[in-house]
1. Restricting attention to segment 15-26, and to residues there that are closer than 18 Å to A96 by Cβ, assigned to a helix (DSSP H, G or I) and among the hydrophobic types (A, V, I, L, M, F, W, C), which single residue is modelled with the lowest pLDDT?
2. Given (1) part of a helix (DSSP H, G or I); (2) modelled with pLDDT of 90 or more, identify the lone condition not met by L107.
3. Right, V86: assigned to a helix (DSSP H, G or I) and either in contact with a Pro (Cβ under 7 Å, 6 or more places away or on another chain) or closer than 16 Å to G9 by Cα (or both) or not?
4. Does segment 8-28 hold any residues that are on the phi < 0 side of the Ramachandran plot and either touching a residue at least 40 places away in the same chain (Cβ under 8 Å) or among the acidic types (D, E) (or both), and which are they?
5. Looking at the structure I just gave you, is G12 under 19 Å from Y2 (Cα atoms), modelled with pLDDT under 95 and either charged (D, E, K, R) or in contact with a Phe, Trp or Tyr (Cβ under 6 Å, 6 or more places away or on another chain) (or both)?
6. Tell me, yes or no, whether segment 35-49 has at least one residue that is assigned to a helix (DSSP H, G or I), in contact with a helix residue (DSSP H, G or I) (Cβ under 7 Å, 6 or more places away or on another chain) and either loosely packed, with under 15 Cβ neighbours inside 10 Å or at pLDDT 95 or above (or both).
7. Working only within segment 50-66, note down all residues that are over 13 Å from L87 (Cβ atoms) and either in contact with a Pro (Cβ under 7 Å, 6 or more places away or on another chain) or part of a helix (DSSP H, G or I) (or both).
8. Quick one: would you say H31 is of a type outside the set (V, I, T) and free of Cβ contacts under 8 Å to residues at least 12 places away in the same chain?
Amino acid sequence: MYLFNILAGLFGEVFVRNNLIVAGDAASTVHRIMASSLLFRGGIAGDLLMHASDVPTILIFYVLLKPVSKDLSLLAALFNLVQTAVLVANKLTLVAVVVFLGNTDYLKAFDSRQIQSGECLSHSAWIRLLRRPGIFWLYLPCDRVF
């Protein structure tokens, strides 16, 4: 279970997003994501499967560590469940990228630069929430989008 969790996370981060995201160039990133939309969606699905496998892993660790300290094991399980919930909510910013780059009628009201800005904004939110440690990301300037 833990190995699946690691492999699914590596797929989404290393094989999908590192190949599709061009640092500092929103237009190239948009073109790459649109050209490989299925791969980008597969990366999101891999991340969601990783988070779904977190729940049984947390329960297994709770059962294994309960004889040592029931209260501490329960606290660790609670923290891990909250972390998983936050990470799943963070994946909504990646889904927003798919929505911004979709071919729906209401997006025709925007030109390509506005759509790229929306994609850039949602991707910047994903980076601020995931890649910056702790709560200090709220106070740090984000001078590079990617």
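The values are calculated or read from the model by the stated rules, or taken from the named source; none is laboratory data. Computed from a predicted model, the values in this text were never measured in an experiment. In this analysis, Cβ positions are derived from the backbone assuming ideal geometry, glycine residues included, and neighbour counts consider all displayed protein chains.
1. A26
2. Only one criterion is unmet by L107, namely (2).
3. Details: assigned to a helix (DSSP H, G or I): yes; either in contact with a Pro (Cβ under 7 Å, 6 or more places away or on another chain) or closer than 16 Å to G9 by Cα (or both): yes.
Spelling it out, V86 is indeed assigned to a helix (DSSP H, G or I) and either in contact with a Pro (Cβ under 7 Å, 6 or more places away or on another chain) or closer than 16 Å to G9 by Cα (or both).
4. First pass over segment 8-28, keeping only residues on the phi < 0 side of the Ramachandran plot: 8-23, 25-28.
Passing the criteria: A8, G9, E13, I21, V22, A23, D25, A26, A27.
5. Values: under 19 Å from Y2 (Cα atoms): yes; modelled with pLDDT under 95: yes; either charged (D, E, K, R) or in contact with a Phe, Trp or Tyr (Cβ under 6 Å, 6 or more places away or on another chain) (or both): no.
So G12 fails the test.
6. No, there is no match, as no residue in segment 35-49 is assigned to a helix (DSSP H, G or I), in contact with a helix residue (DSSP H, G or I) (Cβ under 7 Å, 6 or more places away or on another chain) and either loosely packed, with under 15 Cβ neighbours inside 10 Å or at pLDDT 95 or above (or both).
7. Within segment 50-66, the subset over 13 Å from L87 (Cβ atoms) is 56-57, 59-66.
Matches in segment 50-66: P56, T57, L59, I60, F61, Y62, V63, L64, L65.
8. It is true that H31 is of a type outside the set (V, I, T) and free of Cβ contacts under 8 Å to residues at least 12 places away in the same chain.
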